[in-house]
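Okay, structure first, notes after.
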Amino acid sequence: MKLATKVTELLDIEFPIIMAPMFLVSNEPMMKSAMDSGIMGCFPSLNYRHEGEFEKVLDNLNDYKKKNNVSGNYGVNLIVQKTNPLFVKHLQACVDKKVPFYITSLGSPAEVIEKAHTYGAKVFCDVTNVEHAQKCFDLGCDGFIAVGQGAGGHAGPYPLQLLVPTLKKHFPGMPVVSAGGVASGEGIASMLALGAEGVSIGTRYIACPEAGVNDAYKNAIVDSKMKDIVMTDKISGTPCTIINTPYAKKIGYKQNWLEKQLSTNKRTKKYFKLLIQFRGMQKLEKSIKPAGYDTLWCAGQSVEMIDEIMPIKQITEKLMTETFDTLARLRKFAVKEAAVA
Ligand SMILES: Cc1cc2nc3c(=O)[nH]c(=O)nc-3n(C[C@H](O)[C@H](O)[C@H](O)COP(=O)(O)O)c2cc1C
């Protein structure tokens with residue numbers, strides 16, 4: 001069975017799920033499994049930083065898509081912030097290889113939209129409020145990823161129960177994909193009820209054999225509860241969700257006085273942010289490798305709902321069965337209510 005929405009049509013997929021881009025987690029095997037499962041797999045270009053690596057992955061994914069008659073699709077997440085030193089190179093590679101879908105985050109998506117539209121690719125932009133959404137809309141984006149409270153990574157300030165309908169009200173007709181806190185079909189159905197045409201799911205997909213992170217991280221996703229998720233400024237300078245491991249407690253969650261001065265001072269802030277991001281990236285990278293012991297693991301509050309490590313295909317099938325069951329249950333409920341009236 002398929003679940004057709006504006007997003008499935010636009011992105012050429014069977015189910016309205018985007019496997020969210022996750023720094024250091026998303027990889028080529030995950031993208032292939034997502035395509036086999038009928039969903040959109042998305043990965044950050046920055047997961048491939050060595051010379052020629054990113055281009056090779058794009059070639060492999062295009063080949064796989066062509067040869068295997070897949071029912072899903074793939075896309076690339078570009079950090080459009082000025083501090084991303086590989087942005088220009090990675091965008092050019094995406095255009096050369098005709099990447100079908102983009103998610104932009106942290107900055108102006110203008111250049112991505114302009115280049116992607118030259119060959120018919122679609123661009124959705126991460127937004128956390130109406131003001132940012134308006135800028136992306138004016139630049140001609142194809143849809144919004146509404147990043148709400150409780151999301152893994154850089155969560156938004158507003159609950160999705162407000163953000164999704166607010167975006168629908170201000171931008172009728174624009175596809176909205178909700179991001180944050182969903183790890184069950186009941187969660188997907190609730191987002192569809194709010195007006196979203198798709199759901200972007202990150203944390204649930206970390207606990208799969210395909211993910212390129214160590215087993216300790218995957219087991220921590222299964223073992224943690226929502227009370228174990230805290231925010232830290234220590235990784236990128238912007239608050240980010242992590243599991244509250246002993247190492248996270250030891251290094252603290254806030255920048256100290258000097259770090260704060262350096263990151264707000266006009267002359268130093270650009271360079272200091274770069275340094276913080278570089279150091280944070282190194283810490284995260286150490287934590288995901290085998291025998292990484294300085295554990296700094298990014299995850300969202302939906303860890304509460306995750307009990308098992310499962311292949312991507314199985315996770316997706318379970319999510320879709322639960323979604324269909326929930327939609328059927330709600331339909332029955334509505335009919336009963338009408339009969340009483
Ligand atoms: C480990 C991890 C890494 C992430 N890295 C990125 C990233 O590189 N770029 C990005 O736009 N979003 C990133 N995100 C956010 C996700 O794309 C998505 O918005 C979020 O995971 C959705 O919330 P959920 O984790 O509750 O499903 C990351 C999230 C996690 C959990």
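Please treat every number below as a calculation from the coordinates, not as lab data. Remember, it's a predicted structure, so these values are computed and weren't measured experimentally. Every residue, glycine among them, receives a Cβ derived from its backbone with ideal geometry; neighbour counts consider all protein chains shown.
What pairs in Lys2/Lys98; Lys66/Lys98; Lys2/Lys168; Lys2/Lys218 have C-alpha atoms more than 18 Å from each other?
Lys2/Lys98; Lys2/Lys168; Lys2/Lys218
Report the convex hull volume per residue for the chain, counting only C-alpha atoms, in Å³.
Given the Cα convex hull of the chain, per-residue volume reads 143 Å³.
Taking the beta-carbon count within 10 Å as an exposure proxy, list Met226, Met191 from fewest neighbours to most.
Met226, Met191
State, as an integer percentage, the relative contact order of the chain based on alpha-carbon contacts under 8 Å between residues 6 or more apart.
Contact order relative to length: 16 percent.
Please give, to one decimal in nm, the separation of the simple spin-label points placed at Ala193 and Asp63, each 7 Å out from Cα toward the Cβ.
4.6
At what distance in nm do the modelled label points of Gln92 and Ile251 sit from each other, each positioned 7 Å from its Cα along Cα→Cβ?
3.3
What residue among Val164, Val147, Val130 shows peak mean-square fluctuation when the chain is described by a Gaussian network model with Cα springs under 10 Å?
Of Val164, Val147, Val130, the Gaussian network model singles out Val130 as fluctuating most.
Taking neighbour counts of Cβ atoms within 10 Å as a proxy for exposure, in what order, fewest first, do Glu186, Glu114 appear?
Glu114, Glu186
Rounded to the nearest 500 deg cm²/dmol, what is the calculated helix-only ellipticity per residue at 222 nm for the chain, with -39500 (n - 2.57) per DSSP H run of length n ≥ 4?
Calculated mean residue ellipticity at 222 nm is -13500 deg cm²/dmol.
Pick out which of Asp12, Asp36, Asp307 has the largest mean-square fluctuation in a Gaussian network model of the chain, springs linking Cα atoms closer than 10 Å.
In this elastic network of the chain, the residue with the biggest mean-square fluctuation among Asp12, Asp36, Asp307 is Asp307.
Average the reciprocal distances over every distinct pair of alpha-carbons in the stretch 90-184, invert the result, and give the Kirkwood radius in Å.
That comes to 13.7 Å for the stretch 90-184.
On the principal axes of its Cα set, how long, how wide and how thick is the stretch 102-242? Give whole Å, largest value first.
Extents along the principal axes: 43, 31, 29 Å.
What is the distance, in nm, between label points placed 7 Å from the Cα along the Cα-to-Cβ direction at Asn244 and at Asn129?
2.7
Would you order Thr323, Thr245 from fewest to most other beta-carbon atoms within 10 Å of each residue's own beta-carbon?
Starting with the residue having the fewest Cβ neighbours, the order is Thr245, Thr323.
Just to be sure I understand the curve: with the Debye formula and one point per C-alpha of the stretch 1-123, what is log10 I(q)/I(0) at q = 0.21, 0.22 Å⁻¹?
Scattering profile of the stretch 1-123, log10 relative to I(0): -1.25, -1.36.
Throw me the Rg/Rh for the stretch 1-50, computed over C-alpha atoms with Kirkwood Rh, two decimals.
1.04
If the chain between Lys2 and Val222 were fully stretched, how many nm would it gain, using 0.36 nm times the residue separation less the Cα-Cα distance?
In short, 76.3 nm is gained.
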